[in-house]
């Protein structure tokens, strides 16, 4: 697709093909009166002043602000059923232990691949409508070979059907299935499930819930090393519930990302910085669980590139708005608007191994961008609870029409 | 407009033409396999089983949930400029004192009536897209006769242009203009501004910010009594910043509503219950200002009808989502989903003097309803940060098409 985007009042983007940590996370390119030229779905030029002569379709932004398409690097958006009752019980004071995951496992096992696709499509469509053009989706509500494959095949079908880049992550190690002894399940993960997922090319990453009450550091290491041998990238659900050393494990294995990190230790922060592992922070979950927020400032100051995600899932975080996570990052994580934009674009892309492809507005990258009904990017997290995405462009195609609500 | 709404999997509504307090607030009518018949913009029948024969347009909900159109009884949605810098400063730890109101006063004075209309229309359109069919809008960023009239005329023009019921409230007593001595401004409010507003029929209510640093109880009484003599309904911004006795004043004057109430005293709660004044709670503001949440449970248990609003404004609450306020009401105010639905529909309508017209799905009321992409009304506050409104019907007209995002 070719496209010329003109009349951009402010273009705001991080720059580069690598995750940005430390002070670099807060540095953006800001252009006034800018244009973006798209050729064959990729950015051909970004500039200011008079746009080049162009014969194809033109999107006029009428002075609005443009950013890269947002990237949500952590969701569990494919599932069946809901957990309204658990949500209400938590509101009445019950504590989250992660045990409710099995409620969703039962519902997801009972659903067909087609049903999972039908349930997830409108959810992903609503994310796209808010300016999210790349979404990671984890499996982990199947916990059998057949059901995990079913979830990942649903993700593949959704990726074919929707104008979104979906990044599939195998997370059979999300919980323990009640019907299989623990050691036996870890063996199944390593010897049967991971090879089957890799053989079918169904996942780009493998993630393990390494935490109190879930997988130990030793179990997680065994699973992740097996995944690496099969060519998968590595992610770790790390230290969400307690400081068990999961961040240190992520760093040791040179994982692409460590996620949650509410209880990461100072040693874990240092290790992540040295390893270059991206910290994926999920403030919506901390907000909903009334847990302490993850230590964004110590992470950034230690040089760890920080990304933001929604953690959208039916239990701990039925909150599916990445712009809202950006607001929480300012209000609760004390990040600057510049750091927040980098976190929700380039660093989130890096958490998915896609920093060379998306996450910034630069020649050569995919033409994924959002026109916001705002004058400046700092308004995106400021105007909360309204969808400011005025137009969404995916690989050069206007997938949501200008004037969207 | 005539319309037949069929295929409603669950219809959930409070009942009646008066605000509901105490246990009655938590009682809903729930119908399965229901229909709603609309004649000339009003509900002609609500039933279950086979719908009646009908020759006009049919909206098929395909098993989705239907509720009354939401009512937002407290917004400041007409203004110019933004307060991104104040938002960021507060995130860095600065405390809210209300002083920033004058920033918006300067911007709003500098804007024309036409500019105010152009700025507010997309905001109100985004509220409508989330299922809000009635919105109160307060003046109070003018603080001169001419500028207050300009704001209220903008509300009138918006009401003519948009498929929304807008309820205008005169709130010249929102702050003190810096250029006029305090006593002189109170005199102007009483002797010039209120009579001019009433003469032009521009407002249905008068509201006063009665709080620490704003209008005293004595000043508020004087202004509100003058408003009552002119035929306006009464509202009070009460005890948001400190327990100054504003709720007691609202009760004494038999005000329609007392709003905010973060610091209401036990005596204030008793007085509101005796007076039958609606408590309009605004949890988004408490969330954003990191203030204590208003005491919803003591209010409900004392028999005060509780309504929910957004308080949408560019300073203390740039959070414009009533569904999100409903989520906060469950998570932070410890209200039940049933109480929350009543609070955002019938009780909110009562806070605007419209409980006989909107706020429930019953024969005779305006046919304002929302079809949600959900099986049950409890999902509305549960699925957060996504717009679940699948179709919005205003006075029998489908104003946002089925399948909206």
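Would you confirm, using the coordinates I've provided, whether residue B:286 is within 19 Å of the chain's Cα centre (by Cα) and within 14 Å of chain A (Cβ to nearest Cβ)? Yes. Filtering the range B:95-107 for residues that are more than 14 Å from chain A (Cβ to nearest Cβ) and touching a helix residue (DSSP H, G or I) at 6+ places or on another chain (Cβ under 6 Å) leaves an empty set.
Determine which member of the set A:93, A:81 is at positive phi and surrounded by fewer than 15 Cβ atoms within 10 Å (Cβ to Cβ). Show your work before the answer.
Values: A:81 fails: surrounded by fewer than 15 Cβ atoms within 10 Å (Cβ to Cβ).
Going through A:93, A:81 in turn, just one is at positive phi and surrounded by fewer than 15 Cβ atoms within 10 Å (Cβ to Cβ): A:93.
Among the residues of the range A:152-164, is any buried (at least 24 other Cβ atoms within 10 Å of the Cβ), out of contact with any helix residue (DSSP H, G or I) (no Cβ under 7 Å at 6 or more places or on another chain) and under 23 Å from residue B:383 (Cα atoms)? Yes, because at least one residue in the range A:152-164 is buried (at least 24 other Cβ atoms within 10 Å of the Cβ), out of contact with any helix residue (DSSP H, G or I) (no Cβ under 7 Å at 6 or more places or on another chain) and under 23 Å from residue B:383 (Cα atoms). Looking only at the range A:346-369, decide whether some residue is in contact (Cβ under 8 Å) with a residue 24 or more places away in the chain, within 14 Å of chain B (Cβ to nearest Cβ), out of contact with any helix residue (DSSP H, G or I) (no Cβ under 9 Å at 6 or more places or on another chain) and within 18 Å of residue A:2 (Cα to Cα). No, every residue in the range A:346-369 fails to be in contact (Cβ under 8 Å) with a residue 24 or more places away in the chain, within 14 Å of chain B (Cβ to nearest Cβ), out of contact with any helix residue (DSSP H, G or I) (no Cβ under 9 Å at 6 or more places or on another chain) and within 18 Å of residue A:2 (Cα to Cα).
Yes/no matrix, rows are residues, columns are (1) within 30 Å of residue B:125 (Cα to Cα); (2) surrounded by fewer than 24 Cβ atoms within 10 Å (Cβ to Cβ):
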residue: A:333; (1), (2): no, no
residue: A:338; (1), (2): yes, yes
residue: A:347; (1), (2): no, no
residue: A:364; (1), (2): no, yes
residue: A:380; (1), (2): yes, no
residue: A:391; (1), (2): yes, yes
residue: A:395; (1), (2): yes, yes
residue: A:398; (1), (2): yes, yes
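Conditions (1) free of Cβ contacts under 8 Å to residues at least 12 places away in the same chain; (2) farther than 30 Å from residue A:304 by Cα; (3) surrounded by fewer than 18 Cβ atoms within 10 Å (Cβ to Cβ), marked per residue:
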residue	(1), (2), (3)
A:3	no, yes, no
A:7	no, yes, yes
A:13	no, no, no
A:35	no, yes, no
A:46	no, no, no
A:50	yes, yes, yes
A:56	no, yes, yes
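Within the range A:182-190, is even one residue farther than 20 Å from residue A:73 by Cα and in contact with a strand residue (DSSP E or B) (Cβ under 6 Å, 6 or more places away or on another chain)? Yes, some residue in the range A:182-190 is farther than 20 Å from residue A:73 by Cα and in contact with a strand residue (DSSP E or B) (Cβ under 6 Å, 6 or more places away or on another chain). Condition first: within 26 Å of residue A:165 (Cβ to Cβ), free of Cβ contacts under 8 Å to residues at least 24 places away in the same chain and more than 25 Å from the chain's Cα centre (by Cα). Can you find one or more residues in the range A:66-87 that meet it? No: the range A:66-87 contains no residue that is within 26 Å of residue A:165 (Cβ to Cβ), free of Cβ contacts under 8 Å to residues at least 24 places away in the same chain and more than 25 Å from the chain's Cα centre (by Cα).
The set of residues in the range A:191-213 that are out of contact with any strand residue (DSSP E or B) (no Cβ under 8 Å at 6 or more places or on another chain) and over 19 Å from residue A:154 (Cα atoms) comprises A:191, A:192, A:212, A:213.
Please list, ordered by residue number, the strands (runs of 3 or more DSSP E) wholly in the range B:15-131 having 1 or more residues that are more than 23 Å from residue B:325 (Cβ to Cβ). Break it down into steps so the answer makes sense when it comes.
Numbers: elements: B:29-39, B:42-48, B:58-60, B:65-68, B:70-72.
Filter on the range B:15-131 gives B:29-39, B:42-48, B:58-60.
Can you name the residue in the range A:373-391 that is part of a helix (DSSP H, G or I) and within 9 Å of chain B (Cβ to nearest Cβ) and is also farthest from residue B:85 (Cα to Cα) among such residues?
Taking the candidates together, the pick is A:381.
For residue A:65, are the conditions met, namely being touching a helix residue (DSSP H, G or I) at 6+ places or on another chain (Cβ under 9 Å) and closer than 26 Å to residue A:401 by Cβ? So residue A:65 fits the description; yes.
Table: residues versus (1) buried (at least 18 other Cβ atoms within 10 Å of the Cβ); (2) touching a residue at least 40 places away in the same chain (Cβ under 8 Å).
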residue	(1), (2)
A:195	no, no
A:226	yes, no
A:234	yes, no
A:257	yes, yes
A:266	no, no
A:271	yes, no
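The sole residue among A:247, A:242 that is free of Cβ contacts under 8 Å to residues at least 40 places away in the same chain and out of contact with any helix residue (DSSP H, G or I) (no Cβ under 9 Å at 6 or more places or on another chain) is A:242. The single condition among (1) over 30 Å from residue A:400 (Cβ atoms); (2) free of Cβ contacts under 8 Å to residues at least 40 places away in the same chain; (3) part of a helix (DSSP H, G or I) that residue A:159 does not satisfy is (1). Residue A:334 falls short on exactly one of the conditions (1) touching a helix residue (DSSP H, G or I) at 6+ places or on another chain (Cβ under 8 Å); (2) touching a residue at least 60 places away in the same chain (Cβ under 8 Å); (3) on the phi > 0 side of the Ramachandran plot, and that condition is (2).
Note on the range B:392-405: residues that are away from every other protein chain (no Cβ under 11 Å) and outside any strand (DSSP E or B) total 4.
Of B:321, B:327, B:316, which residue is modelled with pLDDT under 95, closer than 30 Å to residue A:379 by Cβ and either within 14 Å of chain A (Cβ to nearest Cβ) or surrounded by 23 or more Cβ atoms within 10 Å (Cβ to Cβ) (or both)? Before you say what the answer is, go through the steps one by one.
Working: B:321 fails: modelled with pLDDT under 95; B:327 fails: modelled with pLDDT under 95.
Testing whether each residue is modelled with pLDDT under 95, closer than 30 Å to residue A:379 by Cβ and either within 14 Å of chain A (Cβ to nearest Cβ) or surrounded by 23 or more Cβ atoms within 10 Å (Cβ to Cβ) (or both) leaves just B:316.
For the structure I just gave you, tell me whether residue B:310 is in contact with a helix residue (DSSP H, G or I) (Cβ under 8 Å, 6 or more places away or on another chain), within 21 Å of residue A:381 (Cα to Cα) and facing chain A (nearest Cβ under 8 Å). So residue B:310 fits the description; yes.
Scanning the range B:169-189 for residues that are under 25 Å from the mean Cα position of the chain (by Cα) and over 16 Å from residue B:236 (Cβ atoms) yields a single hit, B:176.
Inclusion of residue B:298 among residues that are more than 16 Å from the chain's Cα centre (by Cα) and under 21 Å from residue B:247 (Cβ atoms) is warranted.
The values are calculated or read from the model by the stated rules, or taken from the named source; none is laboratory data. It should be emphasised that the depicted structure is a prediction, and the values quoted were computed from it without experimental measurement. Note that we place each Cβ from the backbone using ideal geometry, even for glycine, and neighbour counts take in every protein chain shown.
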